[in-house]
Amino acid sequence: KLYKIDEHYDIEELQTLQRTLTIEKEELEKQLKEDKEYKETLRPLYNEYHTKLAEIDEEQIKIDYEDWKTLTSDVTEVTNQMKIIESQIKSFEHHKADLDKFQYDKDCEYCIGNGKEQIYEQEKIQSKLKELEDDYSSLKGTHTLRSYALEKLGDVEEQKEEYDRFQDELNMVQHGAVKVGGRIDSTRARVEHLVSEISNTKTKIDRYYQLE
């Protein structure tokens, strides 16, 4: 036995829904078109950065940069040590100059004893100066070698900064591509759903007029 199901449609509500769905669909289609165009602009950018990075020896840059940091630290440390020794040398030379002013009097019993102390002090200072000058000479040699090695590395810091910049920009392009790709998929799915909803709504509107 067949039963007839009553069909009741609010035509104004259906027409409003149809307009709303159509407007949303048109806006999303416009957004979809813009996103696809934007994604296409990212492709040559990605290729450009990828090509640039492929030309760079990443491993060598990392090795050279670590060497550069070590050598820069060494040169700074040696320079500071040299400055300290320079200061010490000046201090001992000043003290030695004061002792050199001492006048020895062989007829003065007190002066004889005092003179021995002065001579001993001068010998100590002379020995210390020799030690400091040897240390300074050794540090100067180290400084020269480290500075030369640093110079041979060239503009490693600039190369590392350039590499990092390219890498960051490539990551931004990749992130942008993934993000817009996800939005395109989501928008396309929504548009397909709206097409179905609009079709169903149109069917109901047509059915309404058939029932009138």
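The long axis of helix 156-211 is offset from the longest Cα principal axis of the chain by roughly 10 degrees. Against the main long axis of the alpha-carbon atoms of the chain, helix 58-100 sits at an angle near 30°. Once the Cα atoms of helix 11-54 and of the chain are each reduced to a long axis, what angle between those two axes, in degrees from 0 to 90 to the nearest 10, is obtained? Helix 11-54 sits at roughly 30 degrees to that axis. In this structure, the residue pairs whose Cα-Cα separation is over 23 Å, taken from Lys69/Lys130; Lys90/Lys128; Lys69/Lys140, are Lys69/Lys130.
Under 13 Å of direct C-alpha separation, and excluding same-chain neighbours fewer than eight residues apart, Lys39 reaches these aspartates and glutamates: Asp185. Could you tell me the calculated FRET efficiency between Leu42 and Glu66, based on Cβ-Cβ distance and R0 = 45 angstrom, to the nearest 0.05? The computed FRET efficiency comes out at 0.85. Here, P(r) means the percent of Cα pairs in each 10 Å bin from 0 to the largest distance; for the chain it is 7, 15, 12, 11, 10, 9, 8, 7, 6, 5, 4, 3, 2, 1, 0, 0.
Every number in this text was worked out from the coordinates using simple rules, so none of it is lab data. This is a predicted model, so every value here is computed, not measured. As a convention, Cβ positions derive from the backbone with ideal geometry for all residues, glycine included, and neighbour counts pool all protein chains shown.
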